[in-house]
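Reading through the structure tokens given below for one structure.
The values are calculated or read from the model by the stated rules, or taken from the named source; none is laboratory data. Everything numeric here is computed off the predicted structure, so don't read it as measured data. Note that each Cβ is placed from the backbone with ideal geometry, even for glycine, and that neighbours are counted across all protein chains shown.
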Amino acid sequence: MPVPILLIAHAPLASALRSCVLHVFPDAHEGLQALDVPPDQSLEDTKTQLGAALESFGGVPVLVLTDVLGATPCNVAQKVVDGSQCKLIAGVNLPMLLRTVNYRHESIDALVTRALTGGSQCITQVALATAKA
């Protein structure tokens, strides 16, 4: 069974990332959820929605990916995930997410490693060709 993945981020990033992934991996729709956090939403409402989203996966360990370390989505996720078998990674980007979804049949610990590697390896300056006059 694939490891479920839950995105929680500032609106509309989580849904946008999910849409991008489903463009590449359309079969991942069941195991990939997005929770967008609007700027005016209370911490309690966010916590409640996140808890319900995690429960919807049936109590199995979930890989939770959030956008910014120290921001509301990450802080709420940290409180909800603490003490569970779920794993939390901050700093999600599209390469990280694509790598994670591609290997979602591996263990959750292996998936964490894949996510961290995929996210960091794709951050690089691209060499540009110089224009000739």
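Of the numbered criteria (1) within 20 Å of Ala11 (Cβ to Cβ); (2) modelled with pLDDT under 95, the one Gly59 fails is (1).
Are any residues in segment 105-132 without any contact (Cβ under 8 Å) to a residue 60 or more places away in the chain and outside any helix (DSSP H, G or I), and if so, which ones? Can you show your working first?
Initially, segment 105-132 is screened for residues without any contact (Cβ under 8 Å) to a residue 60 or more places away in the chain, giving 109-110, 112-132.
Within segment 105-132, Cys122, Ile123, Thr124, Gln125, Val126, Ala127, Leu128, Ala129, Thr130, Ala131, Lys132 meet the criteria.
Restricting attention to segment 105-133, the residues that are modelled with pLDDT under 95, out of contact with any Lys or Arg (no Cβ under 8 Å at 6 or more places or on another chain) and surrounded by 15 or more Cβ atoms within 10 Å (Cβ to Cβ) add up to 0.
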